[in-house]
Amino acid sequence: MISLTSEKTNQKPSQLASQELNQKPSHKTEPNYEQLGQQLDGLRAETMAKVGQEDANYIRLIIRLQRLVQWSGRILIVLGFVSPILWAIGVLLLAAGKILDNMEIGHNVMHGQYDWMNDKHINSKAYEWDIACDGASWNRVHNYEHHTYTNIVGKDRDYGYGLLRLSNDFAWRVKNLWQFVTYILLSVLFQWGIAYHEMAAERVFFGKKKDNRQHKISHAELKQRFFSKGARQLVTDYVIFPLLAGPFFLWVLVGNLVANLLRNLWTSTIIFCGHFTEHAQVFQEAECKNESKGQWYYRQALGSSNIKGGNWFHVSTGHLSFQIEHHLFPDMPARRYREVAPRVKEIFAQHGIHYNTGSFLRQYASVLKRIIRYSFP
Amino acid sequence: MLGVASGKLSSWISRQILHYSSVGGYLETVIQLVKPNWRDGYYRAEIVAVKKLHANTVEVQLKVPSYWPVHKAGQHLELTLEIDGRLVTRLFTIASSPSLAKSKRLVRLVVKSQPHGILTPKLEALALGSWVNVSKPSGDFTFQFNLQPEQRALFLAAGSGITPFIAMLNAMLNNMLDDQSRSNKHERDANVSALHLVYYAKPGEHLLLDELEVIAEQLDFFTFELLTRTKDGELSKKLPTLNADALYVCGPSPFYHAAAEFAKRENLPIYAEHFSLIPTTPDEQQTFTAQLNSELIELTNAEPVLTQLLAKGRQLTYGCKMGICHQCQCVKKSGVVKNLRTGEVSDRGEELIQLCVSQLMTDVELEA
């Protein structure tokens, strides 16, 4: 009775072909968008039909594991006075706990991947993660803007986070000369970068206010939520837990600091590998007007890159090592990306779409190369 | 005092440190290691008996925890089962007396299974000793013990709509036995002078007949008759032949409407609980009432809910409008919608829906 896409599917993707930007692989032969859309929709429907008990058990198992890892980490950190080795193991466990919470649980649950479970706590509305960024703010910027307007210049604020120049579509500025240092700092402080992200774009504190921006949320509320979530994080990790440890205050404070740092570096690295490898493409807003579902899939495919690895590696990245599949099917339970990946690759091959994947080292080297390359005009 | 303080402390801990609405929610998966199916915000009940009463009717006995607030006869509870990873909730009227719940912590449900239902067909396969989740009792379909002497109350039941009446009658029976044991043997429940039950069901499908007979034997003011539509005609034809001062109705919507019409005409008080089946896909344009927070809005099934609400100028958070970003997600408290992206038809109960891909199939209650 109601069709969601039919009015769009007949539009010819003429703009795409006309926009040939230098310095990146061209969009070459155009795929048959309608067929591509149908194939990927079909794959999604087929996989979602299988989603059930197994997936519910899996996410509960991961949540249970997270509790175990995080709390044994916190306890071992205090036992640092017995042996520094215990402290070091504790820090690693706490970092692992935070990574599990942020990536395999937080990121995925907040994407709505487990909303079908009807669980009061495991759903995109209720979940709040252990990171400085307020969940609702992340949901607005990431789930909507980044996933709908993936890698569209000017629309996807995740693209370089407004700090890095990663394509010639952005004008070169002098500050880009030292953007490698900026990148390192961003990685170190990644949780705060993400937390501040929406406010930076909304020019809450600095910069010229943009008139045409539609405000979904007031600046006052943004500020209030930013400070309240940020303060909660700081107070928990750097006041409450250290105080609970009494004489071992410093052990715990430093341990928490290192754990947070490790988490920041890991999440930042994985995310950069997913979107800013050498061949990940950017798009112009005009290209994407009146996109059909097939064209949308195509853009998701070209804007993302995967990382090869074993099962535990995938879990530790929240399955963002399957960034391509995640961008095609953002609300599919992430563990399912493992089984759809070969099929996606097949479909891509059929349409001559490049399936961007590689080892962690290869993809990361490619990211670093890109950051350095675009430091210069 | 101590309870309030510890409650405050635990809610502070859960908010500040755990980012959860409750400590129980944060620890749920860990607690489940020891207590299977333990869930934050639900009561856990053990299956102690499952009996098939009929080809399509099953009786389930639950043992509720001691802190479960005992129901009033006629109330229902929500039963939640995890079915293929998904928590599915249905309302069922409790078909046993409050005193049974108080003394033995037993609650009985008598459920007619729906041929294409999600939850009801699973009930007969429930293993003894397994755990399910229930809510506290609710509902205001209870017997109002306020009839004058010489007044007559009429119970109208259809199919599995007999359950609240069984609970009420059992409660009356228990009250009477209690009164007798408290030595005023000759006085009977002075507030009720006559109670008559008219029970409609398909031929041979009247439920709990032996129980009704026992009750009728012991409660001398209670009588009942069993009817079938094919043999005895519609309820609307039957009603004028009955003598009543108040109506109690439990059955499907058309059954209720027949009774309501009669009550209106005769100016009689009517108390009711009625249920309807999940509709099939509507082919023609229909208009429904959507309750958004506290506001009532008329919407059709011709366009997704979000499109219509935005067109009517409602301020809502939304994003991609194609069912991907989950920005327009809201809680559907009740009603049925169809997901236009997957073609799936929702349950009647509470769940999260994406407004941009939801088509109305019934009236709905939304919390955005």
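Of A:Leu265, A:Leu361, A:Leu76, the residue with the greatest mean-square motion in the GNM of chain A, using alpha carbon springs below 10 Å, is A:Leu361.
Expressed to the nearest 5 percent, the antiparallel share of DSSP beta bridges inside chain B is 65 percent. For B:Thr342 and B:Leu128, the difference between the fully extended length at 0.36 nm per residue and the C-alpha to C-alpha distance is 73.4 nm. For the range A:140-204, the gyration tensor built on C-alpha atoms gives an oblate shape. Its axis ratio a/c (a ≥ b ≥ c) is at least 1.5, and a/b is not larger than b/c.
To the nearest 10 degrees, how steeply does helix A:219-235 sit against the main Cα axis of chain A, on a 0 to 90 scale? With rounding to tens, the tilt is 40 degrees. Listed by chain and number, the aspartates and glutamates whose C-alpha is less than 15 Å from the C-alpha of A:Lys289, apart from same-chain residues fewer than 8 away, are A:Glu7, A:Glu145, A:Asp156. Rounded to the nearest whole Hz, the Karplus-based 3J(HN,Hα) values (6.51 cos²θ - 1.76 cosθ + 1.60, θ = phi - 60°) of the range B:15-28 follow the sequence 6, 6, 9, 9, 6, 10, 6, 7, 5, x, x, 5, 8, 3, with x at glycine and proline.
Neighbour counts of other Cβ atoms within 10 Å put A:Arg165, B:Arg314, A:Arg64 in the fewest-to-most order B:Arg314, A:Arg64, A:Arg165.
What value, in deg cm²/dmol to 500, does the helix sum -39500 (n - 2.57) over DSSP H runs of n ≥ 4 give at 222 nm once divided by the residues of the protein assembly as shown? Walk me through the numbers before you get to the answer.
Values: 26 runs with 286 residues, N = 745.
Calculated at 222 nm, the ellipticity per residue is -11500 deg cm²/dmol.
The label-point distance for B:Asp363 and A:Lys125, in a model that sets each label 7 Å from Cα toward Cβ, rounds to 2.1 nm.
Result for chain B in a Gaussian network model with C-alpha springs under 10 Å: among B:Asp245, B:Asp40, B:Asp178, the largest mean-square fluctuation is at B:Asp178. With the alpha-carbon atoms of chain A aligned to their principal axes, the span from lowest to highest coordinate is 69, 53, 41 Å, starting with the largest. Between 0 and 90 degrees, the angle of helix B:209-218 with respect to the longest Cα principal axis of chain B falls at about 50 degrees. Among B:Pro121, B:Pro137, B:Pro203, the largest mean-square fluctuation in a Gaussian network model of chain B (Cα springs under 10 Å) belongs to B:Pro203. Past the 25 Å Cα-Cα mark, which pairs from A:Lys369/B:Lys321; A:Lys98/A:Lys308; B:Lys136/B:Lys238; A:Lys98/B:Lys321? From A:Lys369/B:Lys321; A:Lys98/A:Lys308; B:Lys136/B:Lys238; A:Lys98/B:Lys321, over 25 Å: A:Lys369/B:Lys321; B:Lys136/B:Lys238; A:Lys98/B:Lys321. Counts of other chain beta carbons within 10 angstrom of each beta carbon in peptide A:182-190 average 0. Once the convex hull of all Cα atoms in the protein assembly as shown is built, its volume per residue stands at 202 Å³.
Calculated FRET efficiency, A:Trp178 to B:Lys35, Cβ-Cβ distance, R0 = 56 Å: about 0.50 to the nearest 0.05.
Laboratory data are not the source of any read-out in this text; all were calculated from the coordinates shown. Quick caveat: nothing in here was measured; it's all calculated off a predicted structure. Here the Cβ is made from the backbone with ideal geometry for all residues, glycine too, and neighbour counts use every protein chain on show.
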